[in-house]
Structure formats: structure tokens, C-alpha cells
Amino acid sequence: MSYAGLAIFDDGRLNGVIFLSNNADPNSNKDAPLKVGFAGGFLGLSLGGAPSVKYTYLSGGAQVNVADGAGPLILAYDDRTGDSVLQGGKLGDFLYGGSGNDVLNGGGGDDTLIGNLGTNIIRGGSGNNTASYVGYSGPNAPDTLGVQVFLDEREAYNRDGFGFHDTLIDIQNLVGTRFLDILVGDAGDNILEGHDGADVIRGGAGNDTSSYETSAFSVDVNLTTKVNDGGAAWGDILESIENVRGSDYADSLTGDAKANVLEGGAEADQLLGAGGSDTASYEHSLFGVTVNLTTGANTGGDAEGDILTDIENLRGSRYEDVLTGDATANVLEGGAKADQLFGAGGSDTASYEHSLLGVTVNLATGSYSGGDAQGDILTSIENLAGSQNADTLTGDAAANVLAGGAGNDRLFGGEGNDTLRGDAGSDTLVGGVGDDRLVVIEAPTLVQGDAGNDKLFLQGAETFTFIDMNFKEIEAVYVRDSLTLDMSGVSTKVAITVQNAATTLATVTGTKGNDTITAGAGDTVLDGSTGSDKLSAGAGADTFTFKANFGRDNVYGFESGADHFDVSALVSSINDINISGLNGGANTLITFEGAGSGNKIILHDVAASSLDASDFGFLLT
């Protein structure tokens with residue numbers, strides 16, 4: 001059997017190989033459907049270029065592999081017999097198993113995988129993948145049990161005789177049956193769609209969404225009262241759900257005290273935030289929208305006729321949108337195309353967190369390019385949130401908040417007292433004029449305060465090493481979480497404050513200058529490096545480390561029996577330490593044999609007589 005641009009070998013015994021050229025068709029050289037019937041064997045699909053979606057119907061047990069995956073593919077069965085392996089490509093595929101025990105591998109892209117009957121292995125691969133059970137058939141009764149799917153246990157099973165026990169791997173989203181399902185998410189962000197039937201939807205620890213996008217009737221979903229009615233929402237029980245997506249009809253969606261994302265879909269919807277910082281989303285609208293939180297006038301696409309109450313934030317479509325905030329602090333995300341974002345009062349943010357490409361946004365010059373920022377117009381916007389790629393964000397004379405997101409970002413505060421947050425990636429943060437706050441969670445390329453009294457906040461379980469080249473003009477550093485900070489390569493003094501929790505350990509080494517280092521609630525290792533430093537103990541069990549040429553340091557808050565001096569780099573026993581009283585015995589002077597007269601510790605509010613060898617750690621010999 002052969003089609004134009006298509007060669008098939010399928011005699012039922014011989015492995016089949018298919019070569020599919022771009023847009024192949026038996027008559028018009030476009031969109032050729034493929035039907036293959038053979039029992040067993042291997043079927044390879046080599047997709048050249050970037051073809052459109054192809055539908056492949058299979059019968060009998062087979063292995064089907066998309067060789068290069070240049071385009072999305074739909075693989076399905078018509079007689080649904082045999083045990084088979086379906087391998088998707090690089091883009092989003094639709095894989096539909098048969099009645100046997102199948103293996104479905106999504107590969108790259110956002111895949112939809114339907115195991116159908118049998119005991120299946122459903123592996124999504126990379127991307128944001130969905131395991132769907134929507135096509136299952138069974139007794140047509142509203143109280144019939146459907147499927148029970150637990151992403152936190154990586155497997156699915158049922159109790160109603162459908163006959164399957166699936167294992168799920170790399171699956172983020174679930175679609176249930178038309179019966180009574182239990183869908184449980186995991187620690188990630190899940191989209192759970194119960195479909196018809198009175199379902200139990202339990203989100204888990206992530207930022208989870210209950211979807212009713214395929215409901216045949218409008219839905220009324222209320223996360224506050226837990227009463228859900230209409231269409232596919234009738235009788236549903238929602239637990240640990242933060243977001244709701246409605247149907248293509250006139251829905252009523254109500255959030256709760258948390259930060260909710262409510263998406264009504266088509267028709268005139270009512271979206272009620274009900275507390276928290278809530279978002280009205282139009283990301284799936286087929287046309288651009290105009291939404292105004294000040295006037296309440298909402299038109300175009302899915303926004304036509306919508307009524308928004310207690311909504312603070314807006315997310316537009318992938319078309320040209322006009323989004324206007326109100327007097328509160330709004331987050332406005334236009335999405336793709338050239339959007340107009342109006343802050344309209346309050347401290348407002350233009351967000352590009354879902355842009356597929358990095359953006360360059362400059363509030364001072366009014367220039368916006370790259371990714372979703374291309375062609376945008378921003379008015380009365382104070383803050384910027386970047387994408388998950390490499391962004392360049394620049395503030396203006398106002399007090400700006402710039403959040404880079406993932407990727408190696410470049411953030412420039414400009415004038416004003418700004419807050420710059422690098423997030424993931426090796427970022428460059430330059431505060432500019434004003435008293436700025438710089439926040440990083442991974443080792444940055446550069447942190448620079450410029451003029452003003454600037455502060456650097458370090459977060460995350462990370463090792464941060466600074467030298468003069470990547471640390472400039474910052475007066476204070478705050479260490480959070482359990483991390484290691486080494487500033488021994490920095491020449492200028494700095495004040496370092498540890499703000500770790502009681503159960504964590506932070507290790508801090510100061511600069512070459514005269515530093516002030518203060519321990520936190522947890523355990524802290526303090527090393528002033530060189531210079532005349534002020535070192536203060538905190539609430540935990542702290543260790544003060546001294547090495548060659550440490551200088552003349554002052555120690556405060558030392559508690560004998562809880563805190564210790566690590567002098568292992570200087571001496572090997574208590575006999576090499578000189579301990580004497582100062583200021584009438586209120587303070588203690590500590591020096592070390594062979595360390596030089598310029599290296600000494602002044603211990604405040606501790607009597608010399610209270611110290612012994614147990615307060616020191618020595619070099620083992």
C-alpha cells in the first residue's frame with residue numbers, strides 16, 4: 001500500500017517503516033491519514049521538516065516510534081487489541097493506547113496520553129503532560145465509580161471493572177471519566193479536570209487548578225463555601241485547589257482567601273476573588289480582550305460581558321490586549337502580541353513570567369522589546385517581573401521592584417529606592433542611585449549598589465563567593481537560610497547580619513576590611529578574615545574562627561559552654577593561649593603564642609576566669 005510521499009510495508013509479518021514527507025496526501029500532497037494493520041513488529045515514523053498534525057490509526061500489537069519528531073503526532077487505535085509501545089516526538093503528541101498492556105512515551109513537548117484499558121505504563125517525558133481517562137466507558141449510572149488517580153503515588157487504579165492499573169511517570173495533569181473520579185495531584189502545579197460525575201479533586205502542595213473547560217453546561221464553583229454546581233461541577237469536592245478554569249458558557253467562579261487565578265472562558269462570566277491577591281485570566285481567549293478594573297467595562301474575546309469583583313490582577317490573551325488596573329497594587333500580564341498596560345494608581349507590575357523568550361524592558365526610556373514585551377506600551381507601571389529566560393529590566397526614577405525570574409538576568413534599578421530580585425540564574429544586579437535592596441538566591445555575576453545605603457540579601461542553600469570584581473558599593477549583607485558566604489576576596493568593609501532559622505547552620509567569612517558580623521537564631525560559624533572586626537554571637541551554638549593575621553577582633557555575646565573559639569589554625573593546646581582580664585575583669589584579652597602582637601581577641605562581658613580549654617578548638621597533633 002502506498003500514498004503520495006508515503007511508503008508502507010505492512011504484510012502482517014514484516015516490520016513496517018514509514019517515510020512521511022512534508023504535508024503528504026494521496027490526492028493533494030497534503031495531510032495524508034495513515035492506517036496500518038499488523039500484529040507485532042516495529043513501525044518507525046520519520047517526519048521531515050515541520051509537518052502538521054498527523055493521525056495514525058493502528059491495529060494489533062505494535063511498537064511505534066516517531067524518529068525525529070519534527071511535528072506533533074496523533075497515534076491511536078481502531079480495534080484496540082494487543083500490547084503496544086507508542087513513542088512520541090519532540091513536540092506535543094496525542095497517544096491513545098488499546099485494550100492491551102501498553103507503554104506510552106510522550107517524549108518532548110506537552111503530551112496527552114490515554115492508556116485506555118489494560119495495565120499501562122504512561123510516561124510523559126519532558127514538558128507539561130496530561131494523562132486522560134475521558135474516553136472510558138462503563139455502566140451508564142451517575143453513581144458509578146470512575147478512576148482513582150494519585151500523582152503523588154505515581155500510579156492510577158480503579159474499582160469499577162474497567163480493568164486497568166496504570167503507572168504514571170512525568171505526568172503533571174489529569175482528566176477523569178464521566179463517572180465518579182478521585183484525582184489527586186502532587187507537590188507540583190497540577191491541572192485536574194474531573195470531567196462529568198461528582199468528583200473529588202485534591203490538588204496537593206502545589207499551585208493547582210480545577211478545570212471545567214469541556215463542561216457541556218455552565219458551572220458555579222465556589223472555593224470559599226465548597227459548594228459546586230452546574231455542568232461538570234455538580235457535586236464536585238475540591239480540596240487544596242487554588243485556581244479554577246470555567247467552561248465555554250456563563251460561569252460563576254469564586255475564590256477564597258488565597259491568591260486565586262480564575263478563568264471564566266467564553267460567554268459572560270462572574271469572577272469573584274473573595275480575598276487574597278486574585279487574577280482574572282484570559283490566556284485561552286481566541287481574541288484580544290479589553291479589561292478595566294477601574295470602570296468595570298470588559299469587552300472583546302472571553303472578556304465580553306464579564307463581571308469582576310475583588311480582582312487585583314489581569315492576565316491577557318495571546319493577542320493584542322488592553323489591560324487597566326485600579327487604585328490598588330495590580331499585576332498586569334499582557335501575554336503575546338503588542339499589549340497596552342495601564343497601572344491606574346497603586347504600585348503596579350508588568351509581568352512577563354510566561355514569555356517564551358527573554359524580554360528587554362526599560363521604564364526610564366519607554367522601550368520594550370523581545371518576547372511578549374515586543375511592541376508593548378506601559379503606562380503608570382512601577383515594577384517589572386521577567387520571564388524564565390535571560391531578561392534585561394531597567395527601572396526609572398520611582399521606587400521600582402524588578403524581579404528577573406529564572407535565567408541570567410540583568411537588572412538596573414536606576415534612580416529611586418529600588419528592590420532587585422535575581423531569582424534563579426547567574427544575574428547582574430545594579431541598584432543605581434538611592435537606597436536599594438538586592439536579593440539573590442544563586443551566585444550572581446555582579447552585585448553593585450552604587451550611590452546610597454544599599455543592602456544585599458542572600459537566600460537559599462547556596463555557596464556565595466565574592467571578590468572585588470563582583471561585589472561593589474554595598475554596605476550591608478543579610479544571610480538567610482543555611483548557606484556559606486565567603487567575602488575574603490573583598491577589600492572594603494561590610495556589615496553582615498545572619499538571619500538563619502534555629503535549626504540551620506550558616507558559615508560566614510568577612511572581608512579584608514573592618515567588618516561587623518552578627519550571628520542569627522541558628523548555629524553560625526563566624527570568621528572575620530583580616531581587619532579589625534566586631535563579631536557577635538546569636539541565639540544558636542556559634543563558632544568564632546580565627547586564622548593567621550586575623551587582626552584585632554572584638555567578640556560580643558559569647559556564652560561559655562554553648563559557643564566556641566576555633567583556633568586550630570593558630571595553636572595546638574591551651575598552653576599556647578594567653579588569657580587575661582581587661583577593664584577590671586569585665587572583659588578578657590586573648591592572644592596566641594607565635595601569632596604576632598597585632599592579632600588579639602577582646603572578649604566583652606566575659607571574665608577570664610570563666611574560660612578553659614573546653615571553650616577552644618585546637619589543631620590536632
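Taking amide H as placed 1.01 Å from N in the peptide plane, the amide H of Thr419 sits under 5 Å from that of Asn400, Val401, Leu402, Arg437, each at least 5 places away or on another chain.
Of all aspartates and glutamates in the structure, the ones whose alpha carbon falls short of 15 Å from that of Lys455, not counting any fewer than 8 places away in one chain, are Asp418, Asp435, Asp436, Glu473, Glu475, Asp515. Taking other Cβ atoms within 10 Å as a rough exposure proxy, Phe618, Phe179 sort from fewest to most as Phe618, Phe179. Here the spin labels are modelled as points 7 Å beyond Cα on the Cα-Cβ line, and at Ser426 and Ile574 they lie 4.9 nm apart.
What the Cα atoms of the range 454-621 give is an Rg and a Dmax of 15.4, 45 Å. Taking θ as phi - 60° and the Karplus parameters 6.51, -1.76 and 1.60, the scalar couplings of the range 267-283 work out to 6, 7, 10, 10, 10, 10, x, 6, x, x, 8, 9, 10, 9, 10, 10, 5 Hz in sequence order, x denoting glycine and proline.
For a straight C-alpha distance cut-off of 12 angstrom, the aspartates and glutamates reachable from Lys512 (same-chain residues fewer than eight places away being disregarded) are Asp468, Asp486, Asp527, Asp533. The gain in end-to-end length when the Glu593 to Ala608 segment is fully stretched comes to 3.7 nm, 0.36 nm per residue minus the alpha carbon separation. Taking only the Cα atoms of the range 331-383, the ratio Rg/Rh comes out at 0.92, with Rh defined as the Kirkwood radius. Report, in listed order, any pair from Lys493/Lys600; Lys90/Lys226; Lys472/Lys547; Lys258/Lys472; Lys337/Lys472 with a Cα-Cα distance greater than 30 Å. Correct reply: Lys90/Lys226; Lys258/Lys472; Lys337/Lys472. Any idea what % of Cα-Cα pairs in the range 235-339 are farther than 19 Å? Roughly 35 percent, rounded to a whole number. Fewest neighbouring Cβ atoms within 10 Å first, the residues Arg318, Arg421 line up as Arg318, Arg421.
For the listed peptides 422-434, 342-354, a ranking on the average number of other beta carbons within 10 Å per residue, highest first, reads 422-434, 342-354. At q = 0.11, 0.21, 0.24 Å⁻¹, what is the base-10 log of I(q)/I(0) for the range 209-289 according to the Debye formula with one equal point scatterer per Cα and no solvent? Please give it to two decimals. So the normalised log intensities work out to -0.23, -0.85, -1.11. Zone of Thr365 (label point 7 Å along Cα→Cβ, backbone N under 11 Å): which residues in the range 391-433? Under cut-off, by backbone N: 394.
Any read-out appearing in this document is the output of simple, stated calculations on the displayed coordinates, not a laboratory observation. This structure is a prediction, so every number in the text was calculated from the model and none was measured. In this analysis, Cβ positions are derived from the backbone assuming ideal geometry, glycine residues included, and neighbour counts consider all displayed protein chains.
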